[in-house]
Amino acid sequence: MSAVPSDEVFEVPAASPLHLVRGSAPGLFWYLTEPTRCALDVGEFVATRSMLKGAPAGDGHPVLVFPGLGAADSSTVMLRRFLSGLGYRVVPWGLGRNIGPTRRAVDGMHALVKKASSEHGGPVSIVGWSLGGIFAREMARDHPHRVRQVITLGSPYNMSDPVQSRAMPAFALFSRLHIPREEFPPLESTRPPIPVPATSIYSKTDGIVSWESCIEEPGPRRENVQVSSSHLGYGFNSSVLWVVADRLAQAEGTWAPFAAPPGMARLYPRAA
């Protein structure tokens, strides 16, 4: 992306759902090293599989997993296998490659939430990676009685400027296939808090989206958990997987902020 003056007010293209104003781009160093750091995240996962066996077991409720922009279910295989191993009934996205809010994707997600919830006889949890997390939050807003909780992985749902995401050119590339602009949701900052428990996992070393765009004001049932991860590696990062397992293991109807287990506190640096 080309550089732009920081004091200028920007307008997002008409095809984008982000009616935003100001912000800062992710660090260039973190962006350029994303592939290498993602490989390290995968390597760490392999090396710490024995530790992850101690993650809290699940209660069998359905967990929907949504991939990020440009990705498909193949990108979440490791994450879904991990959750299946904990005892959850993991439901893949199943809508092909995520190229944004196409009619097929939007209608398909609504149908998926309704079907999984009806078959289970209760609410489902949704884990969304990047754009998938933005979609997950919208599903929770539209179906609060069908969604138990939402966990987002590096999802820039609180963007204040398009430069906060290096994925905006890719998003714009598919804009002609997206739903009409009038159907886009309002700016996050203008809306009430999400109506279900929400955990936003973010990293200050994210090279694709600005970490500030991935968090919100903490509240009675919402939190931000900082990890050290690449954007491409969220679904393989051991510290991320532990948080996801911990959050999903909470009994339905209960919620408490995440607390790192003994000996793992160093994996979860606090936000400044």
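The values are calculated or read from the model by the stated rules, or taken from the named source; none is laboratory data. What you see is a predicted model, and the numbers here were worked out from it, not measured in a lab. Cβ coordinates were reconstructed from backbone atoms using ideal geometry, including for glycine residues, and neighbour counts include every protein chain displayed. Remember, those area values only see protein heavy atoms, side chains included, never the ligands or the DNA or RNA. Shrake-Rupley method; radii C 1.70, N 1.55, O 1.52, S 1.80 Å.
Of the residues examined, residue 60 is one that is farther than 21 Å from residue 261 by Cβ, in a loop (DSSP other than H, G, I, E, B) and at pLDDT 90 or above.
Being small (Gly, Ala, Ser), without any contact (Cβ under 8 Å) to a residue 40 or more places away in the chain and open to solvent by less than 20 Å² (accessible area, probe 1.4 Å) is true for just one of 105, 111. Which residue is that? Only one candidate passes the filter, namely 105.
Candidates are the residues of region 157-180 that are under 19 Å from residue 211 (Cα atoms) and outside any helix (DSSP H, G or I); the one that is nearest to the chain's Cα centre (by Cα) is 157. For residues that are β-branched (Val, Ile, Thr) and within 19 Å of the chain's Cα centre (by Cα), scanning just region 181-201, find the one that is surrounded by the most Cβ atoms within 10 Å (Cβ to Cβ). The selected residue is 201. In region 37-70, how many residues are free of Cβ contacts under 8 Å to residues at least 60 places away in the same chain and either over 20 Å from residue 241 (Cβ atoms) or of a type in the set (Ser, Thr, Tyr) (or both)? Residues that pass the stated criteria total 1. Within region 59-74, the set of residues being open to solvent by 10 Å² or more (accessible area, probe 1.4 Å) and farther than 19 Å from residue 157 by Cβ comprises 59, 60, 72, 73, 74.
Filtered by the rule that a residue be under 11 Å from residue 227 (Cα atoms) and surrounded by fewer than 12 Cβ atoms within 10 Å (Cβ to Cβ), region 250-270 gives 265, 266, 270. Somewhere in region 181-192, is a residue part of a helix (DSSP H, G or I), touching a Phe, Trp or Tyr at 6+ places or on another chain (Cβ under 7 Å), over 23 Å from residue 73 (Cβ atoms) and not aromatic (Phe, Trp, Tyr)? Yes, that holds for at least one residue. Just one residue in the set 213, 175 is farther than 27 Å from residue 253 by Cα, touching a Pro at 6+ places or on another chain (Cβ under 9 Å) and crowded, with 20+ Cβ neighbours inside 10 Å; that residue is 213.
From the list 130, 155, the lone residue that is on the phi > 0 side of the Ramachandran plot, open to solvent by less than 50 Å² (accessible area, probe 1.4 Å) and among the hydroxyl-bearing types (Ser, Thr, Tyr) is 130.
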